[in-house]
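The values are calculated or read from the model by the stated rules, or taken from the named source; none is laboratory data. Keep in mind the model is a prediction, meaning the values are calculated, not measured. For the accessible areas, the whole protein counts, side chains as well, though only heavy atoms, and no ligand, DNA or RNA atoms are used. Shrake-Rupley method; radii C 1.70, N 1.55, O 1.52, S 1.80 Å.
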Amino acid sequence: MSNSIPFSKRVFQCVDHMVVHGGDAVAGLIDLTSTRMVRFATTITRNQHDAEDAVQTVLVKVAERPRLVRDADQPWNYLLRMVRNESLLITRRKSRWSLVDNLTDLLTVRRVDELEQEETVREVWRALRKLPTEQSEVIVLKIWEQMTFLEIADVLEITPGTSASRYRYGMQKMTQLLRGDVKSEVPTHG
């Protein structure tokens with residue numbers, strides 16, 4: 001599929017292909033969306049393994065009933081909402097203490113060759129991890145998924161104004177964190 005086609009349209013095409021050809025055609029959807037969904041789920045679970053479990057669970061559900069996603073008004077938003085809900089379920093099942101500061105769990109971006117770029121990515125993820133989940137998930141959807149506040153509101157089932165304010169407050173906090181003005185809010189083991 002061409003990259004000139006909007007991402008949400010490509011998601012619809014993959015799911016439509018699954019409806020026509022059966023759940024075995026899920027590979028196209030996995031190739032298209034898995035990295036993005038894991039990145040989003042990681043902002044909620046704070047752990048890449050749990051994020052991968054959430055995404056896998058969602059993909060199994062979609063493979064069994066692809067029409068649910070295809071027939072949604074916004075299939076990509078619906079898929080992200082499914083991932084969010086599953087991530088929240090996993091997080092609720094785990095005790096608060098198991099949300100360990102394992103930075104490598106958050107490095108879901110592709111590998112970079114230059115050490116400076118890699119360190120920048122680590123710093124951004126460290127700062128993102130220190131934000132409340134409500135703010136970090138909005139930032140990921142806005143920056144990495146390039147969604148509008150209206151689309152984010154649809155995914156998170158909040159108002160567009162709330163999504164915009166969470167983004168604004170989160171970005172202010174990220175700026176402070178990246179400058180070193182704010183101490184960690186995530187409990188550390190000592």
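Ordered from largest to smallest accessible area (heavy atoms of protein chains, 1.4 Å probe), the residues 31, 16, 50 come out as 31, 16, 50.
Computed with every protein chain present, the accessible area of residue 44 is close to 10 Å² [probe 1.4 Å].
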